[in-house]
Amino acid sequence: MNTYDFQGRSAIITGGGQGIGFTVAKRILDSGGKVSVWDVDQALLDDLTKSLGGDAANIMAMNVDISDAAAVKAATNAVLDTFGKIDVLINNAAIVGPNAPTWEYPEGEFEDVVRIGLIGTYYVSRAVVPHMIKANYGRIVNLSSVAGKEGNPGAPAYSSTKAAVLALTKSLGKELAQYEISVNAVTPAVAKTKMALSQNPDFLKMILSKIPRGRMLELSEAASMICFLASEENSFTTGAVFDLSGGRATY
């Protein structure tokens, strides 16, 4: 397994209590970095230092609702107070919502998906980016989805949100190109996460059938690409979208 140098680097990972975010957190810690994991599941956070297996001084487990702008700002300041800087931001937090056709989709739940996956990503980026500009260094990786490229029937809220994350990535990447800051997105196919596996079995069967590889994405595979994009080595590419779809994506 390749390793990247995160010595002296500090990261925020939203939705990092499990799944892809957790796997990325562990990889960064194992590579010498410091990580602040944000999640709303306190039970996951309570066990985080032990489950990540890192030095407690290098881990901040924080209960943060990223759909609350004031909470995001306070959490960002807390990370700065503890780590002194923010070099890496992994915008991973999202919810998938229920499976239903657009005309039957519950209004409130559509709003919930957008509020966390898109507006929350905006709030966190808005809070963190000025500090990266001041330092003239930063790496931002936004977790989108192949659903954001192609749209999944029965998942209009999630698909729309992830498509919007791609546009936000491109806008922010262009805005920050004059600095030593990169902003990129990845588009995973369905991965072995608790969130993905909680969906309707028929829906899971349908989206799995679209993947030429014929299997789910492994969390370690996602972490490998994300950690490269979050590393100092990714010094040129910005505003780009990296495929993690197992061959499903058509562009």
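Given H placed on each backbone N at 1.01 Å, which residues far from Ser182 in sequence or on other chains put an amide H within less than 5 Å of it?
Result for Ser182 returns Gly138, Arg139, Ile140.
Test of the criteria: in the stretch 1-65, which chymotrypsin sites (Phe, Trp or Tyr not before Pro) are in a DSSP loop and have at most 12 other Cβ atoms within 10 angstrom of their Cβ?
On the way: sites: Tyr4, Phe6, Phe22, Trp38; in loops: Tyr4, Phe6.
Hits after loop and neighbour filter: nothing returned.
Could you give the accessible area per residue of the chain, probe 1.4 Å, as a whole number in Å²? Show your work: numbers first, answer last.
Numbers: 11340 Å² over 251 residues.
Normalised by residue count, the accessible surface of the chain is 45 Å².
Which chymotrypsin sites (Phe, Trp or Tyr not before Pro) in the stretch 167-247 sit in a loop by DSSP (not H, G, I, E or B) and have at most 10 other Cβ atoms within 10 Å of their own Cβ? Intermediate results must be reported in sequence, preceding the final value.
Working: sites: Tyr179, Phe203, Phe228, Phe236, Phe242; in loops: Tyr179, Phe236.
Here the chymotrypsin sites (Phe, Trp or Tyr not before Pro) that fit, given the DSSP loop and packing criteria, are Phe236.
Setting aside same-chain residues fewer than 8 positions from Lys50, which aspartates and glutamates have a Cα under 19 Å from its Cα?
Output for Lys50: Asp30, Asp39, Asp41.
Starting from the 7 Å offset along Cα-to-Cβ, what nm value, one decimal, do you get for the label separation of Ile119 and Asn136?
3.7
Quick one: Cα centre-to-centre distance for the stretch 45-116 and the stretch 233-251, in angstrom?
Spelled out, the Cα-based centre of one part sits 23 Å from the other.
Counting only protein chains, not ligands or nucleic acids, how are Met1, Met132, Met225 ordered by accessible area (probe 1.4 Å), most first? Provide the component values of the computation, followed by the final result.
Values: Met1 175, Met132 0, Met225 55 Å².
Order by accessible area, largest first: Met1, Met225, Met132.
Using the structure shown, list the pairs from Lys34/Lys192; Lys162/Lys192; Lys34/Lys194 with a Cα-Cα distance above 22 Å, or answer none. The partial results should precede the final answer.
Details: Lys34/Lys192 25 Å; Lys162/Lys192 18 Å; Lys34/Lys194 25 Å.
Violating the 22 Å Cα-Cα cut-off are Lys34/Lys192; Lys34/Lys194.
Anyone know which of Gly32, Gly239, Gly84 comes out most mobile in the 10 Å Cα GNM of the chain?
Evaluated over the chain, the most mobile residue of the options is Gly84.
Please report, as a whole percent, how much of the solvent-accessible surface of the chain comes from carbon and sulfur atoms (probe radius 1.4 Å).
Details: 5940 of 11340 Å².
Whole-percent figure for carbon plus sulfur exposure: 52.
So which residue, out of Thr82, Thr14, Thr187, gets the largest mean-square fluctuation from a GNM of the chain using Cα contacts under 10 Å as springs?
Per the Cα network of the chain with a 10 Å cutoff, Thr82 tops the list.
How large is the accessible surface of Ile59 in square angstrom, using a 1.4 angstrom probe and rounding to the nearest 10?
Solvent-accessible area, nearest 10 Å²: 20 Å².
The values are calculated or read from the model by the stated rules, or taken from the named source; none is laboratory data. Keep in mind that this is a model prediction, so the values were computed, not measured. Backbone-built Cβ (ideal geometry, glycine too); neighbour counts: all protein chains shown. Surface accessibility is based on the protein's heavy atoms, side chains included, excluding ligands, DNA and RNA. Shrake-Rupley method; radii C 1.70, N 1.55, O 1.52, S 1.80 Å.
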